[in-house]
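The values are calculated or read from the model by the stated rules, or taken from the named source; none is laboratory data. The model shown is predicted, which means the values in this text are computed figures rather than measured ones. Every residue, glycine as well, gets a Cβ built from its backbone with ideal geometry; the counts of neighbours run over all protein chains shown. Surface accessibility is based on the protein's heavy atoms, side chains included, excluding ligands, DNA and RNA. Shrake-Rupley method; radii C 1.70, N 1.55, O 1.52, S 1.80 Å.
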Amino acid sequence: MHITVIGAGYVGIPTAAVFAKLGHTVCLLDVDEKKIGALRQGKLPFFEPGLAEAVGEQLSSGALSVTTEYNAAIAHAEVVFICVGTPPLPTGEADLSYVFSAARSIAENFGPHRTLIVTKSTVPVGTAEKVRKIISDVTLSSKGGSASGGSLSRDLAQFDLASCPEFLPEGSALADALNPDRIVIGADTDRAREILLKLHEGLPGARVVTDVRTAELIKYACNAFLATKIFFINEIASLCEQTGANVADVATAMGMDKRIGPAFLRAGIGYGGSCFPKDTRALASIASGHNHDFQLLKAVIEVNQQQRARFLEKVKLILGGVSGKRIGVLGLAFKNNTDDVRESAALEIVAYLMKDGASVVAYDPKAEANAKIALPALVTCSTAAEALQHADAALILTEWTEFRDLPWQQLKSLMRQPIIPDGKNLLDPSQMRASGFTYVSVGRP
Ligand code: NAD
Ligand code: UGA
């Protein structure tokens, strides 16, 4: 099939690479000339393991092409995936302006055949209907706005709409896109349903076939539930700190119950990233728009924010204040295996430390450049050893596995004080204490 993917981001690029690998002819479009220029040379606009190689392979085989031209991308497309951003508005609602703008551009460039338009961006319930209206309006106005019954129904029949939300996490985007747990297909016509089932042939995972509105809500429900698991274990971690219990063992035992499962029970400084914070706020706003007071979700959002503050208080306590202290920070990305710092808890903590007069030197294996854009005053360096030179404390703020394997004994001799506040529970407390460190983590005695 001829597929066009709109939005060359964390979702659009793996989506395009996977459909090309499945044997489809894929065109990846973005309005950002720089991104498309870089992709043409086989370079990704961000770090994502294995993705550059997969894109390069599909570009050179000719199965994948990239463009900034809507005309070229839409005229021959049988299926168009909208994968543009839906960032948060100050109110917490999702900003749908990129989705609507993409919808208008699609409608302005329809070819002669019927096209299936699929939203993959995370969008509130009812968005597909708004997209339908935008496309219908553009189609009508391009016909002079006064189409007679016959040509009107022909114009409106030019497209189908569906929702196929994406569940990939950053850091393992390609692996997850190639091996999804499930593929959700939200469609209101048999034609759309059949095309999407056929299109995904070759991928493993269960198929959940449902209507468009349900598919739209499934995506928010999943992210909100995962965020709630993290919120819950962080609350248990706080209780562990009050009672002397150990959250790691609590999480292990909870996770062994098949009804609970072990994933997303790692206590720490709270979730960050471009999705959980924005999607929890957007779902709370969807709920309140329907006069539903989603109390649990409001608590998740609030406690997640407090989790960062709680960790900062711990750091201040152990250091006797942070003003004038030199703090080596390990990790700036919102999680490991990515260079993404959007809503990174690490970066927020660093900003607070700097505001409170600490002298911060930070190291992250991949996120240094993005962190400098977000926080230009931040001092960064290119190794963990440089960050910890003469440091009063080593703060671990991202769960990069390489931090676990650092030569900690050697690093200790570089530090002014051997203090490690570990916000990601990455290191072994007894080992670190046996090595002579003052070590504090989250919810572990
Ligand atoms: P992103 O910011 O990485 O990429 C979006 C791209 O869309 C940008 O390159 C931008 O230039 C482009 N764009 C914006 N308007 C456009 C237009 N009118 N026409 C063409 N291109 C346009 O975003 P992302 O992280 O890939 O997220 C995209 C959507 O997928 C969001 O709704 C997000 O919530 C959802 N999602 C993201 C992830 C993730 O891991 N990042 C996972 C699942 C779902
Ligand atoms: C998340 C979901 O996992 C994806 O399924 C979803 O597609 C994506 O959001 C999205 O909609 O964009 P992502 O944000 O990339 O993926 O990364 P996660 O691995 O979910 O981590 C999110 C945050 O939670 C990170 O800050 C991470 O450090 C934190 N986390 C995760 C914890 O604090 N504890 C855990 O046990 C797990």
Next item on the list: Starting at the first residue of segment 110-121, write each ³J(HN,Hα) from the Karplus equation 6.51 cos²θ - 1.76 cosθ + 1.60 with θ = phi - 60°, in whole Hz, x for Gly and Pro.
Entry: 3, x, x, 9, 6, 10, 9, 10, 10, 8, 10, 4
Next item on the list: Counting residues in segment 179-275 as N, plug N into 2.2 N^0.38 Å and put the Cα Rg over that result.
Entry: 1.46
Check: Sequence-distant or interchain residues sharing an amide H contact under 5 Å with ASP339, placed H: which?
Finding: PHE47
Next item on the list: Report Rg/Rh for the chain, rounded to two decimals, where Rg is the Cα radius of gyration and Rh the Kirkwood radius.
Entry: 1.02
Next item on the list: Determine the distance separating the Cα centre of segment 27-91 from the Cα centre of segment 221-276; give it in Å without decimals.
Entry: 35
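Once you have a ≥ b ≥ c as the square roots of the Cα gyration tensor eigenvalues for segment 1-107, tell me rounded if a/c is under 1.5, and otherwise prolate or oblate according to whether a/b is larger than b/c. Walk me through the numbers before you get to the answer.
Numbers: a/c = 1.92, a/b = 1.34, b/c = 1.43.
Oblate, because a/c is 1.5 or more while a/b does not exceed b/c.
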Notebook entry, point to check: When the Karplus curve 6.51 cos²θ - 1.76 cosθ + 1.60 is applied with θ = phi - 60°, which whole-Hz ³J(HN,Hα) does each residue of segment 211-221 get, with x for Gly and Pro?
Noted result: 8, 5, 4, 5, 4, 4, 6, 3, 4, 5, 4
Checklist line | Rg over Rh, two decimals, segment 215-261 (C-alpha only, Kirkwood Rh) | finding: 1.11
Next item on the list: Select from SER65, ILE82, GLN41 the residue farthest towards the positive end of the dipole of segment 24-86; place +1 on Cβ of Lys and Arg, -1 on Cβ of Asp and Glu, and compute about the Cα centre.
Entry: GLN41
Notebook entry, point to check: Can you list the residues, at least 5 places off or on another chain, whose amide H is less than 5 Å from the amide H of MET415, using H built in the peptide plane?
Noted result: HIS390
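Rounded to the nearest 5, what % of DSSP beta bridges with both residues in the chain are antiparallel? Write out the running numbers ahead of the final one.
Values: 3 of 45 bridges.
About 5 percent, rounded to the nearest 5.
Based only on the alpha carbon positions, what is the Kirkwood hydrodynamic radius of segment 242-331, in angstrom?
Computed over segment 242-331, the radius equals 16.1 Å.
List the GluC sites (Glu not before Pro) within segment 38-80 that DSSP assigns to loop and that have no more than 11 neighbouring Cβ atoms inside 10 Å. Walk me through the intermediate numbers first.
Working: sites: GLU53, GLU57, GLU69, GLU78; in loops: GLU69, GLU78.
In loop regions of segment 38-80 (DSSP not H, G, I, E or B), there are no sparsely surrounded GluC sites (Glu not before Pro).
How much mean residue ellipticity at 222 nm does the chain get from its helices, if each DSSP H run of length 4 or more adds -39500 (n - 2.57) and you divide by all residues, to the nearest 500 deg cm²/dmol? If you can, show how the numbers build up before the last one.
Numbers: 19 runs with 206 residues, N = 445.
After summing the helix terms and dividing by residue count, I get -14000 deg cm²/dmol.
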Notebook entry, point to check: Using θ = phi - 60° and the Karplus form 6.51 cos²θ - 1.76 cosθ + 1.60, what ³J(HN,Hα) does each residue of segment 71-84 get, whole Hz, x for Gly and Pro?
Noted result: 4, 5, 7, 9, 3, 9, 6, 8, 10, 10, 9, 8, 10, 7
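What does the accessible area per residue of the chain come to in Å², with a 1.4 Å probe and no ligands, DNA or RNA counted? Show your work: numbers first, answer last.
On the way: 19230 Å² over 445 residues.
Spelled out: the 1.4 Å probe surface of the chain, per residue, equals 43 Å².
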Note to self: With bins 5 Å wide starting at 0, give me the P(r) of segment 350-445 over every alpha carbon pair, in whole percents.
What the structure shows: 2, 13, 23, 27, 20, 11, 3, 1
Notebook entry, point to check: Semi-axes, largest first, in whole Å: what does sqrt of 5 times each Cα gyration tensor eigenvalue give for segment 84-140?
Noted result: 23, 10, 10
Item checked: Cα shape, segment 357-400, gyration tensor, a/c 1.5 rule -> oblate
Check: Mind listing which GluC sites (Glu not before Pro) in segment 293-352 are in a DSSP loop and have 11 or fewer other Cβ atoms within 10 Å?
Finding: none
Margin query: Going by amide H atoms built from the backbone, whose H comes under 5 Å of the H on SER65, apart from near neighbours?
Written below: VAL26, CYS27, LEU28
Check: What is the local net charge at ARG193, summed over the other residues whose Cβ is closer than 13 Å to its Cβ (Lys, Arg +1; Asp, Glu -1)?
Finding: -2
Item checked: Carbon + sulfur, % of accessible area of the chain - ligands and nucleic acids excluded, 1.4 Å -> 55
Check: Over the C-alpha atoms of segment 78-226, what are the Rg and the largest Cα-to-Cα span, Dmax, in Å?
Finding: 16.1, 52
